Amino acid sequence: MVNEKRTFTTKKEFLKQFGKKSHGREMVRSFMKNKPAVVGMVVFCLIVLMAIFAPLIANYNNVVIKMNIPNRLQSPSISHILGTDEFGRDIFARIAHGAQRSLIIGISAIGVSLVLGGTLGAISGFFGGKIDNVIMRFMDVFLCLPDILLALTIVAAFGLGKLNLMIAIGLAFTPKLSRIMRAAVMSVRSAEYVEAARSIGATNSRIISNHIIINCIGPIIVQVTLYVANAILTISALSFIGLGIAAPEPEWGNMLATGRDFMRDHPHVVLAPGMAIFFTILSLNLLGDGLRDTLDPRLK
């Protein structure tokens, strides 16, 4: 029998026959097929860009917080695309600068909870036994309280301020993230690559940092995306009741609080910050659902 040698006339034909698509490229392609997730990503990126370039959109001292009574409660126009508030301040400028505060505090708060909850959850899930029981029972105490009530209690105890608000929200979400990390670690701690690392003398801390956490990153990314949305909503709720960012500093929640007395005759005063909250939360939830569908192999 004569062995036939197949030749390829073009590089494209060779790659079509033998080329393997990288896992990362497959994940990107799968994500891009999810239209709602792509829309959520685009909307959230626009909100982030608005927050980044807020100082270029409007001067903070002269436009955002300075009163201009002759221009108060103007309807949306070319000069003020979202109108002005009860003190004559441009609402779009305040929403842009408010996006900075909501995103920075929200992302930082979840970063705090990710470090604390992720560390406790990883330790609990990896070692198990008494360590697991002690850590999880401690987390269960905080899980008995709703997120916003726990954050409200911490803010009331430590006082107002951006740092205290960030720490309060971060601590409020720590129990949930610790539970998620624990479950993810328990699902991979008996994997072959973990046993192989242990057999060559790797320390527990090295196994957790280099082998366990890196293989739990998928579900954590999804949950972090969703929790950032919840954190932003919590910031707005606390600011609305006067325990978050106080006026005249712009924040979507306190803009709703100060504008609610004028919503009957001037609905744009509350509609604009309300829609900012709505689109931010919606975009993050769509993005989180898309990441979950992409990273979870059971959904493929």
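Structure above, values below:
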read-out: Search result, residues across region 261-276 that are surrounded by fewer than 23 Cβ atoms within 10 Å (Cβ to Cβ) and within 18 Å of Val228 (Cα to Cα); value: Gly274, Met275
read-out: Residues of region 166-192 that turn out to be in contact with a helix residue (DSSP H, G or I) (Cβ under 6 Å, 6 or more places away or on another chain) and either more than 15 Å from Leu120 (Cβ to Cβ) or without any contact (Cβ under 8 Å) to a residue 24 or more places away in the chain (or both), as a count; value: 5
read-out: Test result for Leu103, out of contact with any strand residue (DSSP E or B) (no Cβ under 7 Å at 6 or more places or on another chain), at pLDDT 90 or above and either of a type in the set (Ser, Thr, Tyr) or surrounded by fewer than 21 Cβ atoms within 10 Å (Cβ to Cβ) (or both); value: no
read-out: Residue identified as of a type outside the set (D, E, K, R), farther than 22 Å from Ala96 by Cα and at pLDDT below 90 among Ile245, Ile241, Ile217; value: Ile217
read-out: Positions within region 64-88 being surrounded by 16 or more Cβ atoms within 10 Å (Cβ to Cβ) and not in a loop (DSSP other than H, G, I, E, B), in sequence order; value: Val64, Asn71, Thr84
read-out: Positions within region 258-280 being at pLDDT below 90 and among the hydrophobic types (A, V, I, L, M, F, W, C), in sequence order; value: Phe262, Met263
read-out: Test: residue in region 206-215 that is over 14 Å from Leu114 (Cβ atoms), over 27 Å from the mean Cα position of the chain (by Cα) and either surrounded by fewer than 18 Cβ atoms within 10 Å (Cβ to Cβ) or among the polar types (S, T, N, Q) (or both); value: yes
read-out: Condition check for Val155: in contact (Cβ under 8 Å) with a residue 60 or more places away in the chain, more than 19 Å from Leu114 (Cα to Cα) and within 22 Å of the chain's Cα centre (by Cα); value: yes
read-out: Residue list for region 226-260, restricted to those being surrounded by fewer than 20 Cβ atoms within 10 Å (Cβ to Cβ), of a type outside the set (A, V, I, L, M, F, W, C) and touching a residue at least 12 places away in the same chain (Cβ under 8 Å); value: Gly242, Pro248, Glu249, Thr258
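To keep it simple, each residue is scored yes or no on (1) surrounded by 12 or more Cβ atoms within 10 Å (Cβ to Cβ); (2) under 26 Å from Met263 (Cα atoms); (3) modelled with pLDDT under 85.
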{"site": "Lys11", "(1), (2), (3)": "no, no, yes"}
{"site": "Ser22", "(1), (2), (3)": "no, no, yes"}
{"site": "Val38", "(1), (2), (3)": "yes, no, no"}
{"site": "Ala51", "(1), (2), (3)": "yes, yes, no"}
{"site": "Ala54", "(1), (2), (3)": "yes, yes, no"}
{"site": "His97", "(1), (2), (3)": "yes, yes, no"}
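The values are calculated or read from the model by the stated rules, or taken from the named source; none is laboratory data. Here the structure is a predicted model, which is why all the values come from computation and not from measurement. When we count neighbours, we look across all protein chains shown, and the Cβ atoms used for this are built from the backbone with ideal geometry, even at glycine.
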